[in-house]
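Trainee: Please find one structure pasted underneath; my questions will follow.
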Amino acid sequence: MVLIWRYAAIVLWCAVLFVGTCTVSASLLIHHFTIDFQLSSPRWSELFKLDIIPRSDTFIIQKIGHFTGFFILSLLMTRNGRQPKGLIYAVLYALLTEILQLFFSRDGRLFDVVIDSAGIFLAYGLCRLRLNRRRMRP
């Protein structure tokens with residue numbers, strides 16, 4: 001039964017991440033809670049752009065959202081650091097969401113996968129540190 005709840009939590013969180021990354025306007029989602037999907041032809045060159053200079057407060061909120069969203073996904077997929085295989089799935093999902101953005105009138109960026117991965121690996125590292133400290137206690 002616990003396994004079902006764990007998988008349900010992962011699927012639900014992946015859906016939240018999908019909505020957050022593929023809705024047509026991150027600004028509308030953040031400021032007005034508006035969700036809208038618009039299909040478009042992908043512009044593959046967008047994946048390789050390095051626009052890392054903050055253009056607005058929304059830009060910074062988006063990057064914090066990327067980091068935090070995938071931090072949480074890592075906790076779920078690695079069972080709080082107990083299942084390292086979950087790291088692979090979390091990073092692959094980060095890559096998938098960036099590619100999917102290209103089909104939903106958004107600009108997918110490989111740089112965002114780096115931000116997502118930072119959240120993923122920090123969550124895992126903190127969990128492993130906590131688990132190792134527990135083992136060392138008498």
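The values are calculated or read from the model by the stated rules, or taken from the named source; none is laboratory data. What you see is a predicted model, and the numbers here were worked out from it, not measured in a lab. Heads up, the Cβs are rebuilt from the backbone with ideal geometry, glycines too, and the neighbour counts pull from every protein chain shown.
Trainee: Out of everything in segment 1-29 that is out of contact with any helix residue (DSSP H, G or I) (no Cβ under 6 Å at 6 or more places or on another chain) and outside any helix (DSSP H, G or I), what residue ends up being modelled with the highest pLDDT?
Mentor: Checking each candidate, the answer is 24.
Trainee: Continuing with this model, one more query. Looking only at helices (runs of 4 or more DSSP H) that fall completely inside segment 30-138, which ones have 3 or more residues that are at pLDDT below 95?
Mentor: Output list reads 57-77, 110-136.
Trainee: Assess whether residue 110 counts as being surrounded by fewer than 20 Cβ atoms within 10 Å (Cβ to Cβ) and not aromatic (Phe, Trp, Tyr).
Mentor: yes
Trainee: Still on this model: So, in segment 106-128, exactly how many residues are within 16 Å of residue 62 (Cα to Cα) and not β-branched (Val, Ile, Thr)?
Mentor: 11
Trainee: Right, something else. Go through the residues of segment 117-130 one by one and say whether even a single one is under 11 Å from the mean Cα position of the chain (by Cα) and of a type outside the set (A, V, I, L, M).
Mentor: Within segment 117-130, one or more residues are under 11 Å from the mean Cα position of the chain (by Cα) and of a type outside the set (A, V, I, L, M).
Trainee: If I filter segment 66-88 down to residues being surrounded by 18 or more Cβ atoms within 10 Å (Cβ to Cβ) and of a type in the set (S, T, N, Q), which single residue comes out as farthest from residue 19 (Cα to Cα)?
Mentor: 78
Trainee: Specify the residue that is surrounded by the most Cβ atoms within 10 Å (Cβ to Cβ); the eligible residues are those in segment 27-57 that are without any contact (Cβ under 8 Å) to a residue 60 or more places away in the chain and of a type in the set (A, V, I, L, M, F, W, C).
Mentor: 29
Trainee: Taking the residues in segment 78-102 that are touching a residue at least 60 places away in the same chain (Cβ under 8 Å) and over 12 Å from the mean Cα position of the chain (by Cα) as candidates, determine which candidate is nearest to residue 133 (Cα to Cα).
Mentor: Among those that are touching a residue at least 60 places away in the same chain (Cβ under 8 Å) and over 12 Å from the mean Cα position of the chain (by Cα), it is 79.
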